[in-house]
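Undergrad: One structure coming up, written as structure tokens, with questions to follow.
The values are calculated or read from the model by the stated rules, or taken from the named source; none is laboratory data. Being a predicted model, the structure only gives us computed values, none of them experimental. Don't worry about glycine lacking a Cβ; one is built from the backbone with ideal geometry, like all the others, and counts go over all protein chains shown.
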Amino acid sequence: MWAVASIVCSFALAQAPGAPPARPGWELVWSDEFNAPDGSPVDSSKWVSESGGNGWGNDELEYYTTRPQNALQQGGNLVIKVLQEKYTGSDGVTRDYTSARLKTQGKFTQTYGRFEARIRIPRGQGIWPAFWMLGDDINTAGWPKCGEIDIMENIGKEPGTVHGTIHGPGYSGGKGPSAAFSLPDGQKFADNFHVYAVEWSPKAIRFYVDDHLYSTRTPHDLPKKTKWVYNHPFFLLLNVAVGGGWPGGPDASSEYPQTMLVDYVRVYKRRG
């Protein structure tokens, strides 16, 4: 979950939600519409709730829990809620914030296709929401050899900008090829839902906000003598971190609770 800014573009807000669209040339193969009754937990047939407060390799400040206080379904959305509270996990680690981190590892993976989510992100200094993907061989190959595709990341100090990035061996962290997308006229992503997506094929990964293509990554974008590692199944992740080296920590302007609302997550494959 890393990114750096590079290209800044602008585009209009997302359209209103509806049924899964019939996208020409695409077939819907997996989705979660989050339409369970209010108060329902995350669907455990589709998602794994991770837990822990070890910083997650980024010096993050939150403890991810599996509690409904941090992740549940409400009003047709997945709600990931960040709370400012002192929390001690079963591992003995104590943190001053709690949040949730969900993944489809062991439940759903796919090689290539269109991966999209309609999200209203949270706001504030120190907040770090993300919709991203990891190679399913992470437990054997390790990171970053498994590959990582960051479909959307935002840091609270940049309320009008999101980032799309890829990471692999020899181009991870701040070296990952990245692009930024900014809304026009001072608009803030936390004020509305937007659709974040990638279309991934054997030799290209295309990044979209509200169906506007703002970046394309190919093997030619990689540093010399490094490998394109996007030719095997990946799984999906959704989370909201607090603090870390990139966004920095909360300050006096930060307010809690903060919530990320996810209207849906949908995965398509090419027809034919």
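Undergrad: Looking at (1) touching a Leu at 6+ places or on another chain (Cβ under 7 Å); (2) among the acidic types (Asp, Glu); (3) without any contact (Cβ under 8 Å) to a residue 40 or more places away in the chain, find the lone condition where Asp211 falls short.
TA: The number of the failed condition is (1).
Undergrad: Would you confirm whether or not region 214-226 contains a residue that is modelled with pLDDT under 95, outside any loop (DSSP other than H, G, I, E, B) and loosely packed, with under 14 Cβ neighbours inside 10 Å?
TA: The answer is no, given that none of the residues of region 214-226 is modelled with pLDDT under 95, outside any loop (DSSP other than H, G, I, E, B) and loosely packed, with under 14 Cβ neighbours inside 10 Å.
Undergrad: For region 183-213, name all the residues that are surrounded by 20 or more Cβ atoms within 10 Å (Cβ to Cβ) and not hydrophobic (A, V, I, L, M, F, W, C).
TA: Correct list: His194, Tyr196, Tyr208.
Undergrad: In addition: Among strands (runs of 3 or more DSSP E) lying entirely in region 43-160, which contain 2 or more residues that are aliphatic (A, V, I, L, M) and touching a strand residue (DSSP E or B) at 6+ places or on another chain (Cβ under 8 Å)?
TA: Result: 71-74, 77-88, 113-120, 127-135, 148-153.
Undergrad: For the subset of region 238-261 comprising residues that are touching a strand residue (DSSP E or B) at 6+ places or on another chain (Cβ under 7 Å) and hydroxyl-bearing (Ser, Thr, Tyr), which member is farthest from Gly174 (Cα to Cα)?
TA: Tyr256
Undergrad: If a residue must be touching a Gly at 6+ places or on another chain (Cβ under 9 Å), exposed (fewer than 15 other Cβ atoms within 10 Å of the Cβ) and of a type in the set (Asp, Glu), how many such residues does region 51-107 contain?
TA: So the count comes out to 2.
Undergrad: Checking Gly173 against (1) at pLDDT below 95; (2) closer than 19 Å to Glu50 by Cβ; (3) not β-branched (Val, Ile, Thr), which test does it fail?
TA: The number of the failed condition is (2).
Undergrad: Can you give me the number of residues within region 53-93 that are on the phi > 0 side of the Ramachandran plot and touching an Asp or Glu at 6+ places or on another chain (Cβ under 8 Å)?
TA: Here the count works out to 2.
Undergrad: Okay, next question. Residues being touching a Phe, Trp or Tyr at 6+ places or on another chain (Cβ under 7 Å) and at pLDDT 95 or above: count how many of those fall in region 19-57. Write out each step before concluding.
TA: We begin by selecting, within region 19-57, every residue touching a Phe, Trp or Tyr at 6+ places or on another chain (Cβ under 7 Å); these are 23, 26-34, 46, 50-53.
Okay, now just the ones that are also at pLDDT 95 or above, so 26-34, 46, 50-53.
Residues in region 19-57 being touching a Phe, Trp or Tyr at 6+ places or on another chain (Cβ under 7 Å) and at pLDDT 95 or above: 14 in total.
Undergrad: Can you tell me which residues in region 27-39 are more than 27 Å from Arg114 (Cβ to Cβ) and surrounded by 14 or more Cβ atoms within 10 Å (Cβ to Cβ)?
TA: Matches in region 27-39: none.
Undergrad: How do the pairs read when you match residues in region 76-89 that are in contact (Cβ under 8 Å) with a residue 24 or more places away in the chain and farther than 27 Å from Asn35 by Cα with residues anywhere that are among the basic types (Lys, Arg) and part of a strand (DSSP E or B), using Cβ under 7 Å and keeping only pairs 6 or more apart or on different chains?
TA: Final answer for the pair search is Tyr87/Arg95.
Undergrad: Considering (1) within 15 Å of the chain's Cα centre (by Cα); (2) in a loop (DSSP other than H, G, I, E, B), say which one Asp38 fails and leave the rest.
TA: The number of the failed condition is (1).
Per-residue answers, yes or no, for (1) over 19 Å from Val267 (Cβ atoms); (2) touching a helix residue (DSSP H, G or I) at 6+ places or on another chain (Cβ under 7 Å); (3) crowded, with 22+ Cβ neighbours inside 10 Å; (4) free of Cβ contacts under 8 Å to residues at least 60 places away in the same chain:
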| residue | (1), (2), (3), (4) |
| --- | --- |
| Phe131 | no, no, yes, no |
| Ile149 | no, no, yes, no |
| Gly156 | yes, no, yes, no |
| Pro159 | yes, yes, no, yes |
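Undergrad: Yes or no: Phe11 in a loop (DSSP other than H, G, I, E, B), at pLDDT 95 or above and of a type outside the set (Gly, Ala, Ser)?
TA: no
Undergrad: Moving to a separate point now. Of the residues in region 246-272, how many are part of a loop (DSSP other than H, G, I, E, B) and either of a type outside the set (Gly, Ala, Ser) or modelled with pLDDT of 95 or more (or both)?
TA: Number satisfying all stated conditions: 13.
Undergrad: I'd like to know if region 167-183 contains one or more residues that are more than 24 Å from His220 (Cα to Cα) and in a loop (DSSP other than H, G, I, E, B).
TA: Yes - at least one qualifying residue is present in region 167-183.
Undergrad: Could you identify the single residue in Thr98, Thr140 that is on the phi < 0 side of the Ramachandran plot and without any contact (Cβ under 8 Å) to a residue 12 or more places away in the chain?
TA: Thr140
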